[in-house]
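J.: Dropping the structure in here first, questions after.
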Amino acid sequence: MSEKIRVALVDDHSLCRSGLTELLMHRYGMTVVGATGDADELIRVLREHRPDLLVMDLRMEPVDGFTLFERIRKEGLETPVVILTMSDAEADLSKALRAGARGYLLKDMAPEDVADAIRRVAAGEMVVAPAMTIKMLDILQNGQQGQASKDSLELLTEREREILQLLARGESNKAIALTLGISNDTVKQHVRHILTKLNLTSRVEAAVLFAVKQRDLVQHP
């Protein structure tokens, strides 16, 4: 991205907020448009500043990260969300992916790796901490729903496969519409059909599933 990446932060520990703000702004040249531990203040920041992404903790009081994530979406705010947490639990990763998180990072990662992951998400990628990669694949491959979804890829139409491939690249609905020469509403309808056929709840899950499928085709042609 040619312009500075604009980031909002939400964490209920002031030390974490100030440390991450210092890191991103002064070492990595990003702009932190707001850093807070308050849900209402965060909504105000997102509405007023429209940041490129939100970096959010999970274990917060009095409102936990998943509840806050749900509120953000109900408020009509589509800011890409990156989870930055101490939790390496597969259940939390699974829930975050289902909620539509674009990244899942761990607080024990090296600062440069966190910054690089944030840049990648801002550029449209989906990023998961290396320590969580195997768990991410297990969520889709070992669960009955994941396996059923994987088999259901064969149910997609040619157009749906095209859109799924673009989703896996991190493309937005608007970008997909421009690439394929169709309307944004048509893309939304196709995405809904894809999620229904694959028995998934978020476009992020669909992107991960596509990546798993492609990996298997390479390993087992």
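J.: Report the one residue of Ala110, His49, Gly19 whose Cα lies farthest in the direction of the positive end of the charge dipole of the stretch 6-133 (charges on C-beta: Lys and Arg +1, Asp and Glu -1; origin at the Cα centre).
T.: So the residue furthest toward the plus end is His49.
J.: Further question on the same structure: Take the cross-link list Lys107/Lys135; Lys95/Lys174; Lys4/Lys107 and give me the ones stretching past 21 Å between alpha-carbons. Mind showing how you got there, number by number?
T.: Values: Lys107/Lys135 17 Å; Lys95/Lys174 26 Å; Lys4/Lys107 23 Å.
From Lys107/Lys135; Lys95/Lys174; Lys4/Lys107, over 21 Å: Lys95/Lys174; Lys4/Lys107.
J.: Using a Debye calculation, one point per C-alpha and no hydration shell, please list log10 I(q)/I(0) for the stretch 6-133 at q = 0.15 Å⁻¹ in order.
T.: For the stretch 6-133, the Cα-only Debye profile gives -0.61.
J.: Here is a follow-up. Below 13 Å, Cα to Cα, which aspartates and glutamates can Lys197 reach? Residues fewer than 8 away in the same chain don't count.
T.: Asp151, Glu154, Glu160, Glu205
J.: Follow-up question, since we're still on this one. So, counting K/R as plus one and D/E as minus one, what does the shell of residues with Cβ under 14 Å around Ile163 add up to? Numbers along the way, then the final one.
T.: Numbers: positive: Arg159, Arg161, Arg169, Lys174, Lys188, Arg192, Lys197, Arg203; negative: Glu158, Glu160, Glu162, Glu171, Asp185.
So the environment of Ile163 carries a net charge of +3.
Values in this text are rule-based calculations from the coordinates and carry no lab data. Nothing here was measured: the structure is a model prediction, and the numbers come from that model. Every residue, glycine among them, receives a Cβ derived from its backbone with ideal geometry; neighbour counts consider all protein chains shown.
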